[in-house]
1. Gain in length, residue 137 to residue 12, computed as 0.36 nm per residue apart minus the alpha-carbon separation, to one decimal in nm?
2. So, for segment 113-203, what is the accessible surface per residue at a probe of 1.4 Å, expressed in square angstrom?
3. How many percent of the accessible area of the chain is carbon or sulfur, using a 1.4 Å probe?
4. For the pair residue 27/residue 153, report the inter-label distance in nm, with labels modelled 7 Å from Cα in the Cβ direction.
5. Residue separation times 0.36 nm, minus the C-alpha to C-alpha distance between residue 98 and residue 1: what's the value?
6. Please check the chain for the longest run free of GluC sites (Glu not before Pro) that are loop-located per DSSP (anything but H, G, I, E, B) and have at most 12 other Cβ atoms within 10 Å.
7. How much length is gained if the chain between residue 40 and residue 75 is pulled fully straight, taking 0.36 nm per residue apart and subtracting their Cα-Cα distance, in nm to one decimal?
Amino acid sequence: MGFDLFNMATNHTTDYGVEGMFETMRLLDQLNLVYAGVGMTAGEAAQARYLETPKGRIALIGMATSFTPMSRASDPRPEVKGRPGLNALRITQTNQLAPAQMADLRKLVQATGGTVPESETQPVRFGGATFVQGPENGTRASLNTLDEARILRSVRNAARQADHVIVYSHSHDISRGSLTTPAPEHLRSFIKKCLDAGADAFA
């Protein structure tokens, strides 16, 4: 079908466990197909993989913002070995309520037998979610700084070793089901950082 580069980092990477991921890697290696986004550690999963072409060397960095918790690779520490898996960019979502709605939520929690912090500006837990007070209702997102730094470091390294660098992310939250809806702000900011670090394209 003509595909030369594959991002293995998706929410289905470890559907059949790490063993299934290893078997997929083995088959792709056997077919001499270039893939990225997975590895024995987080550092290895973030490394670029390269394709040599008549028009230059192409680097692919695979990653995912949509993934199952068990599929995320981790780096080794003195007391624990690294964990195989995918190159993850973790995103923390925070629910924000305007002051009036935050006051209503505090009353609701108390009316249903729950407790709330004494300070009206402290976060409130309700229905398994955390709510913070802000200027308006909405959801805020923040990127994991360790994941972001690891991926940007890989982009900079690849830019020194390849003619063209592609960062490919498996992200359910980019289009939100519509090809005309822009990516959310936290991802637009990250994409710009990748381009500034040397990426030629982000997909």
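1. 41.7 nm
2. Here the residues of segment 113-203 average 62 Å² of exposed surface.
3. Here carbon and sulfur together make up 54 percent of the probe-accessible area.
4. Placing both labels 7 Å beyond Cα along the Cβ direction yields 3.3 nm.
5. 29.8 nm
6. It works out to 1-78.
7. Values: separation 35, 0.36 × 35 = 12.60 nm, distance 0.85 nm.
Extra length from residue 40 to residue 75 when fully extended: 11.7 nm.
The values are calculated or read from the model by the stated rules, or taken from the named source; none is laboratory data. All values reported here derive from a predicted model rather than from experimental measurement. All Cβ positions, even for glycine, are placed from backbone atoms using ideal geometry, and neighbour counts span all protein chains on display. Ligands, DNA and RNA are excluded from the accessible area calculation, which covers all protein heavy atoms including side chains. Shrake-Rupley method; radii C 1.70, N 1.55, O 1.52, S 1.80 Å.
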